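> Here you go, one structure.
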Amino acid sequence: LERNTEARDTRKRPHRKSSQGVWNGSMNFVELGKLMNASWRDCDAFAKSVLHELAEEGRVRYRRRIEEYGRQCRRAKAQGQHENVGKETPISAHEKKDSA
């Protein structure tokens, strides 16, 4: 890698958004959306309920993190360190355990 400092010749490489709307031999976004819509319609009630529960858990986790961020901002602003808040937001141990 250190020895190869010349620019690559990209003239032969096809553009990633080709005129056919295909990426890496797969389908485009419109076709993917139609497939996902059809899959959701065909999904049974139990699977939908499981996915709704997972979505709600994600919303609760998101709201908890936003509230914690707000508390950190208010605390840092009171201490005059507001610009440093949110630069690094590692996931705490209990959130790692919850997501596993």
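> Give, in nm to one decimal, the length gained when the segment between Arg61 and Gln79 is fully stretched (0.36 nm per residue of separation minus the Cα-Cα distance).
Working: separation 18, 0.36 × 18 = 6.48 nm, distance 2.70 nm.
Between Arg61 and Gln79, full extension yields 3.8 nm more.
> With a 10 Å radius around each residue's Cβ, average the other Cβ atoms per peptide and rank 61-67, 44-50, highest first. Mind dumping the intermediate values first?
Working: 61-67: 11.6, 44-50: 9.3.
Going from most to least packed, we get 61-67, 44-50.
> A further question follows. May I ask you to rank Arg41, Arg59 by accessible area, largest first, using a 1.4 Å probe over the protein chains only?
Details: Arg41 155, Arg59 105 Å².
Most to least solvent-accessible, the answer reads Arg41, Arg59.
The values are calculated or read from the model by the stated rules, or taken from the named source; none is laboratory data. Predicted, not measured: the structure shown is a model, and the values here were computed from it. All Cβ positions, even for glycine, are placed from backbone atoms using ideal geometry, and neighbour counts span all protein chains on display. For accessibility, only protein heavy atoms count, side chains too; no ligands or nucleic acids. Shrake-Rupley method; radii C 1.70, N 1.55, O 1.52, S 1.80 Å.
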